[in-house]
Amino acid sequence: MRLVAAYSEPKSAFGMERDGGVSRIYYCCANSQNVGDVVSMCGVKRLVSAPGREIFLEERGVWGRYTLKSRLKRIRRDDTLIIGGGGLLCGYFEPYWRTILEMQDKQQFSIICFGVGTCEPYAADARMSEGLLRELFERMRGAYVRPPVETVGREGVTGVTFCPSISYLTSRASEYVKCHTLPRRLLYVRHPSLTGAERSEHIGDMLNELCRQKGWRYDEVKNKTAKRRTIGHILRQYGLATHVVTCRLHGYIIGRVFQKNTVAVSADRKIDAFAAQVDDPQPLPLSDCTREELSDRISCASAWDGSKLGSVNEDLEGIAAQVRALARSNGRVGSEELSLGKGP
């Protein structure tokens, strides 16, 4: 099944009138090949419950040139660009943010962030410049960010939210999650650009050996694909697993939402922040990732129960109601008028 068709846009729109037509919603994330980005965008669309066109920051045209500016030219005054989710508040994405602000000056559209967060490996300084970050929050109609909030500062932040991908994944879980069968399956979610290729390979070797000793099946994914239509296949691999060991935030989120026995290995603040947000055990630091530690964590791993997932989704629905209200309005609503989404 193609994931592209897995989410159908609601038929009811906001019906916001403007000169020459109805105001439009545009949804934006980093790219269409990263599983985390796509399921986050699908989550935002599901929660906002309004049809809209998709824009990808890193999309390239037939000549290999980035198409972001040409896409943004289509957005008119009184339209709303909803950006989310993904770890977009980092230095790597500064050129894209500057393009968005440049086109907002010209086109006068509104910007709302929903579920955007930081991407800050412990081993590197990947922060966005404070001046640009401050300007972004000043120009946004609403800024609902994922933890850790401390790395971006609370000034200008409208609310703290869970990743919107949780809503979409919850709605699709019955399609992808299969009953546990023998032998058990362990899925390793790699992130070589974060952990380093050599360390990523070493963790895979250790997990493969542990699976051989236990008589389990070993699988692995990178949460990236050359074609968006194959993302559904990757989600099915999560559904077939009994255990998930992940170095990626969205590997962690998918494992939790699909109620798998999940072990998070952390080399990034956002993984630790998500664990704290949902009252999970402290993730295993990458520096402590030995065969013995992995074996112990896998033996103790457990799955979420339905009550925790229900509480998270209820919180997301509350944030979505605020986003819808902001998208309907013509002016900025002060953060003091909105409640913060603090989670369960």
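The values are calculated or read from the model by the stated rules, or taken from the named source; none is laboratory data. Treat the numbers as computed from the prediction; the structure is a model and nothing was measured. Please note: Cβ atoms are built from the backbone with ideal geometry, for glycine as well, and neighbour counts cover all protein chains shown.
Structure summary
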read-out	value
Single unsatisfied condition, GLY204 versus (1) more than 30 Å from SER287 (Cβ to Cβ); (2) without any contact (Cβ under 8 Å) to a residue 40 or more places away in the chain; (3) not charged (D, E, K, R)	(1)
Test: residue in segment 155-175 that is in a strand (DSSP E or B), surrounded by fewer than 24 Cβ atoms within 10 Å (Cβ to Cβ), modelled with pLDDT of 90 or more and not polar (S, T, N, Q)	yes
Selection count where residues are of a type outside the set (Val, Ile, Thr) and assigned to a loop (DSSP other than H, G, I, E, B), scope segment 73-116	14
When residues of segment 189-215 are limited to those that are surrounded by 20 or more Cβ atoms within 10 Å (Cβ to Cβ) and of a type in the set (A, V, I, L, M, F, W, C), the one nearest to VAL257 (Cα to Cα)	VAL189
Filtered residues of segment 273-286 (kept if out of contact with any Phe, Trp or Tyr (no Cβ under 9 Å at 6 or more places or on another chain) and over 20 Å from ASN208 (Cβ atoms))	ALA273, ALA276, ASP279, PRO281, GLN282
Enumeration of residues in segment 292-309 that are in contact with a Leu (Cβ under 6 Å, 6 or more places away or on another chain) and loosely packed, with under 12 Cβ neighbours inside 10 Å	none
Members of segment 75-123 found to be farther than 19 Å from GLY52 by Cα and aromatic (Phe, Trp, Tyr), listed by number	TYR92, PHE93, TYR96, TRP97, TYR122
Options THR99, THR80: the member that is surrounded by 20 or more Cβ atoms within 10 Å (Cβ to Cβ) and farther than 21 Å from ASN34 by Cα	THR80
Single unsatisfied condition, GLU9 versus (1) modelled with pLDDT of 90 or more; (2) surrounded by fewer than 20 Cβ atoms within 10 Å (Cβ to Cβ)	(1)
Filter pass, LEU186 being surrounded by fewer than 20 Cβ atoms within 10 Å (Cβ to Cβ), closer than 30 Å to GLY310 by Cβ, out of contact with any Ser or Thr (no Cβ under 6 Å at 6 or more places or on another chain) and touching a residue at least 12 places away in the same chain (Cβ under 8 Å)	no
Per-region count, segment 125-144, residues touching a strand residue (DSSP E or B) at 6+ places or on another chain (Cβ under 6 Å) and not charged (D, E, K, R)	5
Residue selected from segment 132-154 under the condition among the aliphatic types (A, V, I, L, M) and over 18 Å from ASP272 (Cα atoms), by the criterion surrounded by the fewest Cβ atoms within 10 Å (Cβ to Cβ)	LEU132
